[in-house]
Amino acid sequence: IQMTQSPSTLSASVGDRVTITCRASQSIDRWLAWYQQKPGKAPRLLIYKASTLESGVPSRFSGSGSGTNFTLTISSLQADDLATYHCQRYNNYLPSFGGGTKVEIK
Amino acid sequence: QVQLQQSGPGLVKPSGTLSLTCALSGGSINSDTWWSWLRQSPGKGLEWIGELYPTGSSSYNPSLESRITISLDMTKNQFSLTVTSVTAADTAVYFCARADASRLFHSWGQGVPVIVSS
């Protein structure tokens, strides 16, 4: 199963609403996770089961979708959100990731 | 709190062997966990390499399987990755990680950049 993210890069201002899309090549139900990777750091789990926030993740992050189409939304972008965001299909053999979306602050 | 600390050389010669270790603190390697390795090539997304369960069950990415070994050392509370016959295509940042049964990666090592070059 291939995972495709868009856009590959986006630039937004502090306070903007930001949406990232992840598409699966076939249905994955809601077995979709999102990770945040800050520059030079390891990824951090943000959301699993498409919309469940991991403990400690700010409420400005939200996820939605099922089947093949998923979105990650940051309701009000903060400077600390500068990072690359990865989607991941899980709960199956050969977990796979999207190509990543780099979020830049204007 | 589980922490993973990676170690290993940052430079490997072509056709050589890449060996990395991931030491666990704050928990036991002999637990209900899939000990995993992933990598991130320059400008590319994350790629799952493989995993090992404490009972010995393992799975590897088919694209790498013939060159990969993941092993556990319970006496040292650590696990390791070996990649043989490396080429420039194996240049990447390598991460170890702790995954649950659904293959969600809850904890990660700090990442080790590995360059394959003569």
Notebook entry, point to check: Quick check, is B:Thr55 surrounded by 14 or more Cβ atoms within 10 Å (Cβ to Cβ) and either out of contact with any Leu (no Cβ under 7 Å at 6 or more places or on another chain) or not in a strand (DSSP E or B) (or both)?
Noted result: no
Next item on the list: Please specify each residue of the stretch A:44-60 satisfying the condition of being within 11 Å of chain B (Cβ to nearest Cβ), in a strand (DSSP E or B) and more than 11 Å from the chain's Cα centre (by Cα).
Entry: A:Thr52
Next item on the list: Check the stretch A:12-27 and report whether any residue there is touching a residue at least 40 places away in the same chain (Cβ under 8 Å) and in contact with a Cys (Cβ under 7 Å, 6 or more places away or on another chain).
Entry: yes
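Results for (1) among the β-branched types (Val, Ile, Thr); (2) out of contact with any Gly (no Cβ under 9 Å at 6 or more places or on another chain); (3) within 13 Å of chain B (Cβ to nearest Cβ); (4) surrounded by 19 or more Cβ atoms within 10 Å (Cβ to Cβ), shown as yes or no for each residue.
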| position | (1), (2), (3), (4) |
| --- | --- |
| A:Ser11 | no, yes, no, no |
| A:Arg30 | no, no, yes, no |
| A:Ala42 | no, no, yes, yes |
| A:Ser62 | no, yes, no, no |
| A:Ser66 | no, yes, no, no |
| A:Ser76 | no, no, no, no |
| A:Leu82 | no, yes, no, no |
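Do we have any residue at all in the stretch A:92-99 that's in contact with a helix residue (DSSP H, G or I) (Cβ under 9 Å, 6 or more places away or on another chain), surrounded by 15 or more Cβ atoms within 10 Å (Cβ to Cβ), part of a strand (DSSP E or B) and among the polar types (S, T, N, Q)? Spell out the reasoning first.
To start, the set of residues in the stretch A:92-99 that are in contact with a helix residue (DSSP H, G or I) (Cβ under 9 Å, 6 or more places away or on another chain) comprises none.
No; the residues of the stretch A:92-99 include none that is in contact with a helix residue (DSSP H, G or I) (Cβ under 9 Å, 6 or more places away or on another chain), surrounded by 15 or more Cβ atoms within 10 Å (Cβ to Cβ), part of a strand (DSSP E or B) and among the polar types (S, T, N, Q).
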Check: Do the conditions hold for A:Leu53, that is, is it surrounded by fewer than 22 Cβ atoms within 10 Å (Cβ to Cβ) and out of contact with any Asp or Glu (no Cβ under 8 Å at 6 or more places or on another chain)?
Finding: yes
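Do we find a residue being among the aromatic types (Phe, Trp, Tyr), surrounded by fewer than 19 Cβ atoms within 10 Å (Cβ to Cβ), within 14 Å of another protein chain (Cβ to nearest Cβ) and farther than 28 Å from A:Lys102 by Cβ anywhere in the stretch B:28-39?
Taking the stretch B:28-39 first, the residues among the aromatic types (Phe, Trp, Tyr) are B:34-35, B:37.
Add one more test, that the residue is surrounded by fewer than 19 Cβ atoms within 10 Å (Cβ to Cβ), and what stays is none.
No, the stretch B:28-39 contains no residue that is among the aromatic types (Phe, Trp, Tyr), surrounded by fewer than 19 Cβ atoms within 10 Å (Cβ to Cβ), within 14 Å of another protein chain (Cβ to nearest Cβ) and farther than 28 Å from A:Lys102 by Cβ.
Which one is nearest to the other protein chains (Cβ to nearest Cβ), of the residues in the stretch A:84-106 that are farther than 13 Å from A:Leu10 by Cβ and of a type in the set (Gly, Ala, Ser)?
Applying the first criterion (farther than 13 Å from A:Leu10 by Cβ) to the stretch A:84-106 yields A:86-99.
Checking which are of a type in the set (Gly, Ala, Ser) leaves us with A:96, A:98-99.
Details: A:Ser96: 7, A:Gly98: 6, A:Gly99: 4 Å.
Looking at the filtered set, the residue picked out is A:Gly99.
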Margin query: Scan the stretch B:43-66 and tell me whether some residue there is touching a Phe, Trp or Tyr at 6+ places or on another chain (Cβ under 7 Å) and under 15 Å from A:Gln37 (Cα atoms).
Written below: yes
Notebook entry, point to check: If you go through the stretch B:3-17 one residue at a time, do you hit one that is surrounded by 12 or more Cβ atoms within 10 Å (Cβ to Cβ), within 13 Å of the chain's Cα centre (by Cα) and within 24 Å of A:Arg89 (Cα to Cα)?
Noted result: yes
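Every number here is computed from the coordinates shown, using simple stated rules; none is lab data. This structure is a prediction, so every number in the text was calculated from the model and none was measured. Positions of Cβ are backbone-derived with ideal geometry, glycine not excepted, and every protein chain shown enters the neighbour counts.
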